[in-house]
Amino acid sequence: MPGRDKIIALCIAAEMSFDELNEALMLGGKQTINPHDARDVWIVICINRKISDVLRVNLFLEEKNCAPLNI
């Protein structure tokens, strides 16, 4: 079973919406996006900006002093 970061990365690459991402996380048995977690908030910002390149998302996360997606 894929980990949470892998599910998030696949959803980003598939250009899924916030709701679709949360549904995928639920279906995968993983924690949904937490609005109180800075890393999750930055991931949602990337999704809302339609950034579908996981490398760009990881660079953005690192700029914000957050751990990159572990894929």
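For the range 4-63, a crude dipole built from +1 on the beta carbon of Lys and Arg and -1 on the beta carbon of Asp and Glu, taken about the Cα centre, is about 80 debye to the nearest 20. The HN-Hα couplings worked out from phi for the range 32-40 by the Karplus form 6.51 cos²θ - 1.76 cosθ + 1.60 (θ = phi - 60°) are 6, 4, 9, x, 9, 9, 4, 4, 5 Hz, whole numbers, x standing for Gly and Pro. The stretch between ASN34 and ASP53 holds 4.7 nm of extra length on full extension. This uses 0.36 nm per residue minus the Cα-Cα distance. Taking every DSSP helix (H) stretch of at least 4 residues in the chain, weighting each as -39,500 (n - 2.57) and dividing the sum by the residue count yields a mean residue ellipticity at 222 nm of -17000 deg cm²/dmol.
Taking a temperature of 10 °C and a viscosity of 1.306 mPa s, what whole-number D in µm²/s does Stokes-Einstein yield for the chain with Rh from Kirkwood over alpha carbon pairs? My calculation gives 135 µm²/s for D.
The numbers here are math on the coordinates, done by the rules we state, and not lab data. All values derive from a computational prediction rather than experimental measurement. Note that each Cβ is placed from the backbone with ideal geometry, even for glycine, and that neighbours are counted across all protein chains shown.
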